[in-house]
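Q: My questions all concern the structure below.
The values are calculated or read from the model by the stated rules, or taken from the named source; none is laboratory data. The shown structure was predicted, so the numbers you read here are calculated from the model rather than taken from an experiment. Neighbour counts are summed over all protein chains in view; Cβ atoms, including those assigned to glycine, are modelled from backbone coordinates with ideal geometry.
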Amino acid sequence: MLKLDAVGRQFGSLWAIRDVSFTVEAGEIVGIIGPNGAGKSTLFNVIAGAIVPTAGAIRFLDRTIDYGKPYHVARRGLARTFQIPKPFKQLSVRENVMLSALRRHHTPRQANSVAMATMEFIRIGELAEASVASLTVGQLKKLELARALATEPMLLLLDEVMAGLTPPEIKDMMTMIASLPRRGVTVVWVEHVMMAIMNVAERIVVIHQGQIIAQGKPADVSKDPAVVGAYLGEKYAYAAR
Amino acid sequence: MSTILQLLVSGIMLGGIYALMSIGLTLIFGVLKIVNFAHGEFLMLAMYAAWAVVSATGMTSYTAMAVVTPLLFCFGLLVYLLIVRPGIEKPHLVVVFATMGLSIAMQNLALVAMTADLRDVAPLFGGTPIKFGPLYFRVELLLGFLISIAITLALMIFVKRTYIGKAIRATVQDRDAAMLMGINVPRLFLLTFAGGSALVGIAGCIMLPLYSTFPTVGLNFVLIAYVVVVLGGMGSMEGAFLGGICIGIVQSLSGYYVAPAYGQMFYFLIFLLVMIFRPNGLLGQRGAAMVGINE
Amino acid sequence: MIAGQLPAVPRVHAISFSIAPRRGAVSLVEIAVLASCIIAAAVVSNRYAVDIMIRTFLWAGLALAWNIAGGYAGLISFGHAAFFGIGAYTSTILLLNFGVPPWFGMFAGALIAACAGALLTQVCARLRGPFFILSTLAAGEVVRIAALNWRSLTGGPEGLEIPPVPNVADMVFKSQWPYMAIIVGYMLAMFALSAWIEQTRYGYYLFATRDNEDGASAIGINPSHSRTAAMALSAATAAIGGTLFAQYFLYLDPTHVISPDISFQFALICAVGGLGTASGPVFGALIIVPLSELLRGLLSQSTSGLHLVIYGIIVIVVILYFPSGVSGAIGRAVSRFSPAGWFAARVQADKYDA
């Protein structure tokens with residue numbers, strides 16, 4: 001479904017990501033982890049078409065994506081959330097979600113039903129008429145997710161959706177993300193909440209200093225000495241044993 | 001050859017004055033992240049105030065600074081308390097529109113009080129230019145340039161060395177972080193706004209002998225000031241100085257080589273051209289023109 | 001995610017009603033205000049009053065045009081007087097030099113203004129905030145100075161005069177009522193257009209682009225297209241208002257038609273009435289235009305400009321204390337005093353008490 005081939009992006013003289021290659025098959029949940037500043041956000045921006053790569057190629061559904069045109073990429077069925085939520089501030093929660101469905105469903109009326117259903121699924125249904133300004137960080141994260149899902153994507157990029165959520169909410173969110181492939185949504189997921197991503201993702205890609213240092217099953221990756229050294233730290237390495 | 005040299009030197013001098021005029025704006029913009037649409041009218045007020053002092057007492061425009069600068073400081077204080085502070089936490093358009101209302105009120109107040117007549121002051125030394133080798137200088141331009149340089153340098157040192165200066169630089173970079181570091185941000189806003197206005201007061205005194213004063217004089221200069229802010233990067237005084245000098249040179253050269261009929265278009269065209277081709281500023285810093293404010 | 005797999009949801013009605021102005025609903029306050037405008041237009045016969053009403057409705061229509069760019073798409077333009085002037089000058093030049101009736105000439109003006117608006121948006125594509133605003137101001141001034149100097153086309157500072165010979169084809173009338181009818185029609189058409197925009201996906205694309213460009217691109221909206229389309233439509237409709245202005249006053253000069261004051265007036269009417277709503281510009285014009293005409297009438301004997309001083313101060317006060325404008329204030333007042341609103345407030349209060 002998604003294929004990255006030696007993708008790199010340079011800012012000035014610094015390579016934020018370099019020589020990144022991996023593929024994502026339909027129906028997978030792929031987790032991407034790495035320390036802060038590893039290049040995960042740049043990677044997402046490149047895949048979503050928001051940033052033009054300096055090197056390499058990205059193919060989505062067997063076609064090269066339109067670099068620098070995130071709206072074309074989105075229309076082809078790739079949705080994303082933002083690490084820092086980017087809601088439409090002057091609109092209600094329902095309108096925010098409805099907007100995503102408008103491209104496929106044309107009238108606000110039809111899009112509304114998709115929005116309501118999506119909000120129920122994400123469990124923010126009761127917030128439908130609330131203004132975005134009144135939401136908590138956790139609710140904003142859920143709104144981000146609802147907005148991405150309401151575009152009815154084939155592939156969903158999740159950027160740290162767990163940050164700011166309470167433990168019960170994280171549990172909820174894990175179940176929900178795990179159920180996405182059954183709904184026909186493939187997931188690529190950047191996360192710092194290790195417990196969540198290690199349990200839900202089927203495959204983990206570890207990025208360090210802009211390059212992939214390991215990939216594989218969560219259990220294998222967490223034992224990889226390079227990974228432990230670079231990122232997970234003693235605590236998790238200990239817990240994994 | 002000496003024509004070009006003459007034009008370049010006058011351009012640099014003009015640019016120094018533009019820089020002084022823009023520093024207040026770049027500070028206010030950088031620290032408060034608000035747009036003061038009445039900045040040009042502040043300048044207009046300063047020029048009228050200086051003119052009033054000069055015609056009433058017969059002192060020179062430069063000594064009038066002693067009166068005009070505190071006056072503009074107080075005026076800035078007043079405007080901050082009455083208009084900016086109530087609007088600063090609201091969507092940024094509130095301050096835009098409120099200062100626009102202020103600009104309309106001030107322009108028309110000037111029209112009512114002073115009529116649309118052009119106000120000028122008598123030139124120093126009967127208008128005889130100073131001669132350096134093949135170059136001639138208007139005394140007022142030279143004086144204005146020297147004062148501008150002196151004040152800009154003093155300000156740079158102030159901002160580098162003093163606590164308030166460091167607080168200003170910190171707030172330009174990150175308001176929230178500055179607040180966490182114990183900087184009294186609301187008071188800094190007040191000081192910056194009033195101080196920026198005082199700088200406009202100085203600029204007004206320097207510009208009074210060079211330009212005629214009339215109620216809408218601010219519009220031309222506010223555009224120049226914003227161009228300089230963009231070219232130099234917001235909140236940067238070195239940048240404002242560099243930007244001012246670039247614009248001064250461009251104006252000086254274009255005023256001579258391009259038909260003077262387009263003279264009044266200069267301010268607008270240069271603004272548009274800079275915005276279109278150089279929105280990232282001269283040094284390619286993170287584009288001041290491309291960030292929305294109060295995000 | 002496929003919609004069919006989702007649980008059933010309640011149907012949303014095609015048209016919903018509300019008391020206060022609200023997006024996506026027909027509001028009783030709006031209907032009442034527009035109906036009283038129409039009734040007043042039909043009933044009032046005092047020449048001075050009719051003149052003020054015509055100006056008010058024209059400005060309401062123009063402010064609605066500005067609001068498409070400024071309110072819906074967030075493209076605050078202080079150069080709209082240029083589009084207004086392009087409309088006025090195009091139809092007038094076509095009429096005077098080629099005998100083209102303004103009924104057609106206004107669409108020519110609209111087309112040129114739309115192109116100019118699209119060009120301006122493209123050229124300023126990377127600018128945000130104050131820099132976009134000032135660029136539009138500068139562009140407007142460039143047009144004004146060009147109009148002042150291009151004497152062969154625009155008549156320069158002396159301006160253009162349409163001969164006051166009544167003729168339906170030339171859109172010149174002896175009595176006021178045809179003008180009133182045309183201008184009320186313009187205002188209602190602009191209101192309907194705005195209300196339609198608010199309820200279609202194109203309108204929502206504009207809101208999304210205004211509120212967050214990255215967010216908009218991420219869900220498949222091309223922000224550049226939205227911005228350009230909004231500005232072109234706004235410029236075209238303002239140009240049509242320009243033609244009506246020229247036909248009503250029968251005189252045009254760059255200093256009065258393309259001045260930044262005109263652009264400020266558009267923006268301030270919307271800001272006072274409520275940005276980004278269909279009712280805001282109408283409310284704003286109903287307050288601001290008669291007010292400034294009244295102030296001008298009261299104060300013009302003493303000194304010119306005094307009315308604008310007061311006007312400026314009123315604008316400051318309204319904007320600082322009613323940031324969502326009159327329209328928003330009405331919404332809040334209705335929700336506080338209406339039975340439903342009172343009940344909702346009680347429920348909310350109980351929730352916090354508990």
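Q: Can C:Leu137 be described as in a helix (DSSP H, G or I), crowded, with 18+ Cβ neighbours inside 10 Å and either among the basic types (Lys, Arg) or more than 14 Å from chain A (Cβ to nearest Cβ) (or both)? Write out each step before concluding.
A: Details: in a helix (DSSP H, G or I): yes; crowded, with 18+ Cβ neighbours inside 10 Å: yes; either among the basic types (Lys, Arg) or more than 14 Å from chain A (Cβ to nearest Cβ) (or both): yes.
The answer is yes for C:Leu137.
Q: Yes or no: segment A:161-174 includes at least one residue that is small (Gly, Ala, Ser) and under 20 Å from A:Ser41 (Cβ atoms).
A: Taking segment A:161-174 first, the residues small (Gly, Ala, Ser) are A:163-164.
Cutting the leftovers down to under 20 Å from A:Ser41 (Cβ atoms) gives us A:163-164.
Yes, segment A:161-174 has at least one match.
Q: So for segment C:290-310 (the condition being at pLDDT 90 or above and part of a helix (DSSP H, G or I)), does at least one residue qualify? Explain how you work it out, then say what you get.
A: Within segment C:290-310, the subset at pLDDT 90 or above is C:290.
Adding the requirement that they be part of a helix (DSSP H, G or I) leaves C:290.
Yes, some residue in segment C:290-310 is at pLDDT 90 or above and part of a helix (DSSP H, G or I).
Q: Enumerate the pairs (first residue in segment B:97-114 and facing chain C (nearest Cβ under 7 Å) and part of a helix (DSSP H, G or I); second residue anywhere and surrounded by fewer than 23 Cβ atoms within 10 Å (Cβ to Cβ) and of a type in the set (S, T, N, Q)) with beta-carbon separation below 8 Å, excluding pairs fewer than 6 apart on the same chain, so at least 6 apart or on different chains.
A: B:Leu111/C:Ser304; B:Val112/C:Thr303; B:Val112/C:Ser304
Q: How do the pairs read when you match residues in segment C:210-230 that are facing chain A (nearest Cβ under 7 Å) with residues anywhere that are among the aliphatic types (A, V, I, L, M), using Cβ under 6 Å and keeping only pairs 6 or more apart or on different chains?
A: C:Ala218/A:Ala74; C:Ile219/A:Ala74; C:Gly220/A:Ala74; C:Ile221/C:Ala208
Q: Considering only segment B:142-163, I want to know if a residue exists there that is at pLDDT 85 or above and in contact with a strand residue (DSSP E or B) (Cβ under 7 Å, 6 or more places away or on another chain).
A: yes
Q: Just a yes or no: is a residue in segment C:112-134 on the phi > 0 side of the Ramachandran plot and not in a loop (DSSP other than H, G, I, E, B)? Explain how you work it out, then say what you get.
A: Start the filter on segment C:112-134 by keeping residues that are on the phi > 0 side of the Ramachandran plot, which leaves C:129.
Remaining after also requiring not in a loop (DSSP other than H, G, I, E, B): C:129.
So far as segment C:112-134 goes, yes, one or more of its residues are on the phi > 0 side of the Ramachandran plot and not in a loop (DSSP other than H, G, I, E, B).
Q: Step by step: first the residues of segment C:275-288, then only those that are within 12 Å of another protein chain (Cβ to nearest Cβ) and assigned to a loop (DSSP other than H, G, I, E, B), then the one that is surrounded by the fewest Cβ atoms within 10 Å (Cβ to Cβ). Which residue is that?
A: We begin by selecting, within segment C:275-288, every residue within 12 Å of another protein chain (Cβ to nearest Cβ); these are C:275-277, C:284, C:288.
Then drop every residue that is not assigned to a loop (DSSP other than H, G, I, E, B), which leaves C:275-277.
Numbers: C:Leu275: 28, C:Gly276: 26, C:Thr277: 28.
Top of the filtered list is C:Gly276.
Q: At least 1 residues that are surrounded by fewer than 23 Cβ atoms within 10 Å (Cβ to Cβ) and within 14 Å of chain C (Cβ to nearest Cβ) in each: list the helices (runs of 4 or more DSSP H) lying fully within segment A:128-241 that qualify.
A: Passing ranges, in order: A:137-149, A:167-179.
Q: Report the residue count in segment C:81-119 for those that are within 14 Å of another protein chain (Cβ to nearest Cβ) and either buried (at least 19 other Cβ atoms within 10 Å of the Cβ) or touching a Phe, Trp or Tyr at 6+ places or on another chain (Cβ under 9 Å) (or both).
A: Adding up the residues that qualify gives 3.
Q: Continuing with the same structure: Would you say B:Val95 is of a type in the set (A, V, I, L, M, F, W, C), farther than 30 Å from C:Ser77 by Cβ, out of contact with any Lys or Arg (no Cβ under 9 Å at 6 or more places or on another chain) and buried (at least 22 other Cβ atoms within 10 Å of the Cβ)? Break it down stepwise before answering.
A: Working: of a type in the set (A, V, I, L, M, F, W, C): yes; farther than 30 Å from C:Ser77 by Cβ: no; out of contact with any Lys or Arg (no Cβ under 9 Å at 6 or more places or on another chain): yes; buried (at least 22 other Cβ atoms within 10 Å of the Cβ): yes.
Spelling it out, it is not the case that B:Val95 is of a type in the set (A, V, I, L, M, F, W, C), farther than 30 Å from C:Ser77 by Cβ, out of contact with any Lys or Arg (no Cβ under 9 Å at 6 or more places or on another chain) and buried (at least 22 other Cβ atoms within 10 Å of the Cβ).
Q: Then there's this: Is it fair to say B:Ile17 is over 16 Å from B:Ser212 (Cβ atoms) and β-branched (Val, Ile, Thr)? Break it down stepwise before answering.
A: Details: over 16 Å from B:Ser212 (Cβ atoms): no; β-branched (Val, Ile, Thr): yes.
Criteria not met by B:Ile17.
Q: Next up: Mind checking which residues of segment C:289-336 are more than 9 Å from chain B (Cβ to nearest Cβ), more than 30 Å from C:Arg22 (Cβ to Cβ) and more than 19 Å from the chain's Cα centre (by Cα)?
A: Those that are more than 9 Å from chain B (Cβ to nearest Cβ), more than 30 Å from C:Arg22 (Cβ to Cβ) and more than 19 Å from the chain's Cα centre (by Cα): C:Leu294, C:Leu295, C:Arg296, C:Gly297, C:Leu298, C:Leu299, C:Ser300, C:Gln301.
Q: Inside segment C:120-129, can you point out the residues that are more than 9 Å from chain B (Cβ to nearest Cβ), crowded, with 18+ Cβ neighbours inside 10 Å and not β-branched (Val, Ile, Thr)?
A: C:Leu120
Q: Against the definition (buried (at least 24 other Cβ atoms within 10 Å of the Cβ) and farther than 19 Å from C:Val317 by Cβ), how does C:Ser259 come out, yes or no?
A: Values: buried (at least 24 other Cβ atoms within 10 Å of the Cβ): no; farther than 19 Å from C:Val317 by Cβ: yes.
Against the criterion (buried (at least 24 other Cβ atoms within 10 Å of the Cβ) and farther than 19 Å from C:Val317 by Cβ), C:Ser259 does not qualify.
Q: Another question about this same structure. Of C:Ala108, C:Ala138, C:Ala146, which residue is among the aliphatic types (A, V, I, L, M) and within 30 Å of B:Met234 (Cα to Cα)?
A: Numbers: C:Ala108 fails: within 30 Å of B:Met234 (Cα to Cα); C:Ala146 fails: within 30 Å of B:Met234 (Cα to Cα).
After ruling out the rest, the residue left standing is C:Ala138.
Q: Let me ask another. What's the number of the only condition in (1) more than 22 Å from C:Ala278 (Cβ to Cβ); (2) within 14 Å of chain B (Cβ to nearest Cβ) that C:Trp66 fails to meet?
A: (1)
Q: Moving on to the next point. Which members of segment A:90-127 meet the condition of being at the interface with chain C (Cβ under 7 Å from one of its Cβ atoms), at pLDDT 90 or above and in contact with an Asp or Glu (Cβ under 8 Å, 6 or more places away or on another chain)?
A: Across segment A:90-127, the qualifying residues are A:Leu91, A:Val114.
Q: Would you kindly identify the strands (runs of 3 or more DSSP E) lying entirely within segment A:6-76 that contain at least 1 residues that are surrounded by fewer than 22 Cβ atoms within 10 Å (Cβ to Cβ) and out of contact with any strand residue (DSSP E or B) (no Cβ under 9 Å at 6 or more places or on another chain)?
A: Numbers: elements: A:14-24, A:29-33, A:55-60.
Those strands (runs of 3 or more DSSP E) span A:14-24.
Q: Kindly state which helices (runs of 4 or more DSSP H) lie completely within segment B:142-244 and contain at least 2 residues that are away from every other protein chain (no Cβ under 14 Å).
A: Numbers: elements: B:163-173, B:175-180, B:185-207, B:217-232.
The qualifying helices (runs of 4 or more DSSP H) are B:163-173, B:175-180, B:185-207.
Q: Considering only segment C:36-44, I want to know if a residue exists there that is under 19 Å from the mean Cα position of the chain (by Cα) and closer than 19 Å to C:His256 by Cβ. If you could, list the steps in order and put the result at the bottom.
A: Taking segment C:36-44 as the starting set, the residues that turn out to be under 19 Å from the mean Cα position of the chain (by Cα) are C:37-38.
Filter again for closer than 19 Å to C:His256 by Cβ, leaving none.
No, the conditions are met nowhere in segment C:36-44.
Q: A follow-up question, please. Check B:Leu71, B:Leu25, B:Leu77 and return the single one that is crowded, with 24+ Cβ neighbours inside 10 Å and either modelled with pLDDT of 95 or more or under 17 Å from the mean Cα position of the chain (by Cα) (or both). Break it down stepwise before answering.
A: Working: B:Leu71 fails: crowded, with 24+ Cβ neighbours inside 10 Å; B:Leu77 fails: crowded, with 24+ Cβ neighbours inside 10 Å.
B:Leu25 is the lone residue from the list that is crowded, with 24+ Cβ neighbours inside 10 Å and either modelled with pLDDT of 95 or more or under 17 Å from the mean Cα position of the chain (by Cα) (or both).
Q: Looking only at segment C:259-268, which residues are away from chain B (no Cβ under 11 Å) and either of a type in the set (Phe, Trp, Tyr) or under 9 Å from C:Asn67 (Cβ atoms) (or both)?
A: First, pick out the residues of segment C:259-268 that are away from chain B (no Cβ under 11 Å): C:262, C:266.
Once the filter is applied, which keeps residues that are away from chain B (no Cβ under 11 Å) and either of a type in the set (Phe, Trp, Tyr) or under 9 Å from C:Asn67 (Cβ atoms) (or both), segment C:259-268 yields only C:Phe266.
Q: Out of everything in segment A:82-122 that is under 29 Å from A:Leu43 (Cα atoms) and assigned to a loop (DSSP other than H, G, I, E, B), what residue ends up being farthest from the chain's Cα centre (by Cα)?
A: A:Lys89
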